[in-house]
1. Within region 149-169, is even one residue more than 16 Å from ligand 1 (Cβ to nearest atom), surrounded by fewer than 22 Cβ atoms within 10 Å (Cβ to Cβ) and either under 15 Å from Ala40 (Cα atoms) or assigned by TED's automatic domain parsing to the domain that holds Leu354 (or both)?
2. Within the group Ser45, Ser27, which residue is closer than 27 Å to Val357 by Cβ, within 12 Å of ligand 1 (Cβ to nearest atom), in a loop (DSSP other than H, G, I, E, B) and open to solvent by 10 Å² or more (accessible area, probe 1.4 Å)?
3. For the condition assigned to a helix (DSSP H, G or I) and open to solvent by 70 Å² or more (accessible area, probe 1.4 Å), what is the one hit in Asn112, Asn99?
4. With the requirement that a residue be within 16 Å of ligand 1 (Cβ to nearest atom) and either more than 30 Å from Val271 (Cα to Cα) or open to solvent by 30 Å² or more (accessible area, probe 1.4 Å) (or both), what does region 199-225 give you?
5. Among (1) modelled with pLDDT of 95 or more; (2) more than 13 Å from ligand 1 (Cβ to nearest atom), there is one condition Met1 misses while meeting the rest; what is its number?
6. In region 48-60, which residue that is near ligand 1 (Cβ under 9 Å from one of its atoms) and more than 10 Å from Ile197 (Cβ to Cβ) is surrounded by the most Cβ atoms within 10 Å (Cβ to Cβ)?
7. Does region 121-145 hold any residues that are without any contact (Cβ under 8 Å) to a residue 24 or more places away in the chain, within 34 Å of the chain's Cα centre (by Cα) and either open to solvent by 80 Å² or more (accessible area, probe 1.4 Å) or not assigned by TED's automatic domain parsing to the domain that holds Glu179 (or both), and which are they?
Amino acid sequence: MEKSILELRGVDHVFTMGMGQKMKVLSDVNVSLYQDEIVAILGPSGSGKSTCLRILAGLLRPTDGQVLIQGETFGGPNPLVSMVFQSFALLPWLTVFENIVLALEPFDLSRNDERSRVRRVIDLVGLEGFEEAYPKELSGGMKQRVGIARALVMERPVMCLDEPFTSLDVLTAETLRAEVLKLWLSKKTATKTLVLITHNISEAALLAKRILVMGTNPGHIRVTIKNDLPYPRDEKTLGFKNLVDRIHDVITQAIIPDQPEWVPPAAAGGVIETVPPVAVPEVIGLLEFIAGRGGQADVFGLTQMLGKDFGHVLFLVKTAELFDFVDTPKNHIVLTDFGKRFIEGDVNVRKRILHEVLRGLRLAQLLEQRLRDAENYTLSFDSVIEGVKEWLPNENAEAVLDALIQWGRYGELFGYNGDTKMIYLDVGQENA
Ligand code: ADP
Ligand code: MG
C-alpha cells in the first residue's frame, strides 16, 4: 500500500473558554493524506473543519492524538504544509510582490532565489502586471490569487485551503476553482496534495478524490466518500450528478455507506439536551427575521422588534442554537452558514436539513431507538413519557415530548397520530 505523507491519528481537541468551561470540538479524527490527491472536507459550520486544518498545519496542538509526518511526530508549524485562507489574509501595506515574498522569510534564501520563485508563482496564478499593486486595488479574485501564490511559493508538498472560494462571487469562484484544478493537474508545482474545506457539494465533487463529511457535537468524520471520476470532471454527466446526489444523501443522513445504518445512542454518549418547548414556525420566523437584517441581531433589540417577552425569545434563540442555525457571541445572534442554508432553502431543503440535525440530537436518537425496537415502529405517547422522565428528570416531560414530536414531524423523523396518541417512526426518507 502507498505510504501516507501526513496523518492525523486519534485527534481530539478541547477548547477552554473564557470562564474555564471546556468545549470538545473534535473527537477521534483520523485522516491520512497521500501524494497526488485532493481531499475535500464538507460539514456544517462549527463541525471543526478549520480546527482540523490548523492542527494539520501545526498552528494548533491537539489536546489528544498525534500529527505524524511519515509516521514521525514533530514540533511547531508543520514543515510540509502551506495555508490559504477564506479571508485572503494579505498585509494591506505591502504590494502583491512583497506579500508573496514575505512567505519566504523563514527559508533564508538569496534575494535572487526569492525573486525567481516569486516570479514563477506570479506567472502560474496569473498575477503578471500586478506585482506592484496593493491589496486594496485588487478584486476579491485577484486577492485570492495572491493568497494562493503565497502558499505555492513555499513549495510545500501539502496545501491546506480553508474555504478559499467562499468570499468570491459565483463566477470568480468558478474560474479560480478551475484554475487551481488545472494547476494541480499540470503537476508544475512542488505542491502535490490539496486539502480543501468547502460548503459546496459540487466543488467537492469537481475537485476531490476523497470527500470527508464531518458531523458536529463534537466534530468528527462521519463518512469518507471516494470519488474516482476521471479529471477533468463534467458537471453535466450522469456519473457526476449521481455522485452529487449521493453526497447530498450522505449529508442529510438518508443513507450512510460503509457504516452501520444505525449507531446505538449508548455508543454515542454525551449529555442529553432538552428540546425547548417552542413551535417550529416561531423558530423559522426568528431566522427569517435575522436573515432579513443581514444575518445579525442583538438579543435585546430582537425582543422589542418581535414584541415577545425576553424569556420566550431566549427560548427561540436557544433552540436555533441547539440546531446550529445561529451563534451567540456576547448578546449578538449571528446566523451561521448552516442557518443561512436552512433559511434560504425551500420547504424540502429545510426538512432535509432538520432531519439531519434532529438525528444528531441525543434525545431524538433515544426516541428513535425506542421506536426501532417497538412493534411496527410505533409506541404510545404515554409509554414514551416514562422514558423522557428517565432521560430528563428535571424537565416537564410532556412539554419536551410535545416539542420533540413537533420537530420530528417537520423533519420527517417521527410521525404522530393525534387521535390514537401513537408516535411512529417516519421511514419515508430511508426508503427514498
Ligand atoms: P468550522 O470550521 O467547521 O466551522 P471551527 O473549527 O472553526 O469549525 O470551530 C469548531 C468549534 O470550535 C466551534 O464551535 C467554534 O466556535 C469553536 N472554536 C474555534 N476556535 C476556537 C477558539 N480559538 N476558542 C474557542 N472555541 C473555538
Ligand atoms: Mg471554518
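1. no
2. Matching residue, one of Ser45, Ser27: Ser45.
3. On inspection, the qualifying residue turns out to be Asn112.
4. Once the filter is applied, which keeps residues that are within 16 Å of ligand 1 (Cβ to nearest atom) and either more than 30 Å from Val271 (Cα to Cα) or open to solvent by 30 Å² or more (accessible area, probe 1.4 Å) (or both), region 199-225 yields His199, Asn200, Ile201, Glu203, Ala204, Thr216, Asn217, Pro218, His220, Ile221.
5. Here Met1 meets the rest and fails (1).
6. Gly48
7. Asp123, Glu137
The values are calculated or read from the model by the stated rules, or taken from the named source; none is laboratory data. Just so it is clear, the model here is predicted, and its values are computed rather than measured. Cβ sites come from the backbone with ideal geometry, for glycine too, and all protein chains shown count toward neighbours. We work out accessible area using only protein heavy atoms, side chains counted, and drop any ligands, DNA or RNA first. Shrake-Rupley method; radii C 1.70, N 1.55, O 1.52, S 1.80 Å.
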